[in-house]
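Have a look at the structure below before the remarks.
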Amino acid sequence: MLRFFHQLASPKHFYRIAGRWIPWLAAACTLLMLYGLYQGMVVAPTDYQQGDSYRIMFIHVPSAWMSLFIYVVMAAAGAVGLIWHMKLAEVIAISSAPIGASFTFLALITGSIWGKPMWGAWWVWDARLTAELILLFLYLGVMALYSAVEDKRTAARATAILAIVGVVNIPIIHYSVEWWNTLHQGPTVTKFGAPSIDLRMLIPLLVMAVAFKLFYLTVVLMRARVEVLARERNAQWVRELVDAP
Amino acid sequence: MNLHEFFNMGGYAVYVWSSYAIALVVLVANVLAPVRQRRKLLGQLARRQRRERRKP
């Protein structure tokens, strides 16, 4: 097991092993997503208050969860890279940023589209919405900082620090609906006791959440492979790979 | 539920389907970006190696 992780940390082995995993992860993600969409769009009943508009939830909520999850992964990987100088952790951190940004964007835009018919406004300066918008700017800041610094190892260290400082925003987003009196509704799934949601709605929501996690895993490995190739461009194994792809 | 009801989404069709369309675009873009970057990078590296071989 330890040998496996040690190998995984070497760029060459990571490139090979990730390449082998990606098709399986992608297949599992596609199947789960199709199943979740069928359950969510066809099987789940209409909501008694929100009608069918609530079906936006099946992409809005998993996207919002992913926006937080990916940020924590990015900051943790950044910290590992900073402390143990592990190149692969730096690669994972920086590869996560654009994916996290796109999920944050998706959470904001679908929330906005959902808010229009339910709240009567595309946008309100509500605590949760504002904190999520700040999260988007944090992701964009990380990406901008990384591309602005020429030396990629220095860039990775600088972005890791920015990412770690930005973690303070994560609990703010999570607890915003409890700390402040927000227009955004409170938690329905993670609160203690039984979730106050119909099982036929909860199951597709959780299936979609797992599917989105698999999607992130697939795409982050794809991005990390390209980043590894770029960084190792002078290594012998990359030269051989380029000669015989 | 018939097909008409499904596409109508209880009158919320515009909101529901535009959300799903945007989600689809974002997911597809996330898959295509690394594929394109990889192709570009491999092309660059292959050109570099050909150049190096020509002048020993």
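Data table
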item	result
Verdict on A:Leu32 being under 19 Å from A:Phe103 (Cα atoms) and within 12 Å of chain B (Cβ to nearest Cβ)	no
Residue within the range B:38-47 that is part of a helix (DSSP H, G or I), more than 24 Å from A:Ser112 (Cβ to Cβ) and in contact with a Pro (Cβ under 7 Å, 6 or more places away or on another chain) present	yes
Residue tally, condition over 19 Å from B:Leu3 (Cα atoms) and in a helix (DSSP H, G or I), over the range A:10-53	23
Residue match in the range A:180-195 (condition: surrounded by fewer than 19 Cβ atoms within 10 Å (Cβ to Cβ), away from every other protein chain (no Cβ under 13 Å) and part of a helix (DSSP H, G or I))	no
Some residue of the range B:48-56 being under 24 Å from the mean Cα position of the chain (by Cα), assigned to a helix (DSSP H, G or I) and within 7 Å of another protein chain (Cβ to nearest Cβ)	no
Among residues of the range A:125-152, those that are surrounded by 15 or more Cβ atoms within 10 Å (Cβ to Cβ) and either within 14 Å of chain B (Cβ to nearest Cβ) or farther than 27 Å from A:Ala75 by Cβ (or both), counted	4
The range A:228-237, residues that are more than 7 Å from chain B (Cβ to nearest Cβ) and in contact with a Pro (Cβ under 9 Å, 6 or more places away or on another chain)	A:Val228, A:Arg231, A:Glu232, A:Ala235, A:Trp237
Of all residues in the range A:197-242 being among the acidic types (Asp, Glu) and not in a loop (DSSP other than H, G, I, E, B), the one that is nearest to A:Pro11 (Cα to Cα)	A:Glu227
Failed criterion for B:Met9 (all others in (1) modelled with pLDDT of 90 or more; (2) surrounded by 13 or more Cβ atoms within 10 Å (Cβ to Cβ); (3) among the aliphatic types (A, V, I, L, M) hold)	(1)
Test: residue in the range A:86-98 that is surrounded by fewer than 21 Cβ atoms within 10 Å (Cβ to Cβ) and outside any helix (DSSP H, G or I)	yes
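The values are calculated or read from the model by the stated rules, or taken from the named source; none is laboratory data. Fair warning: this is a prediction, and the values are worked out from it, not measured in the lab. For neighbour counting, all protein chains shown are included, and Cβ atoms are generated from backbone atoms with ideal geometry for every residue, glycine included.
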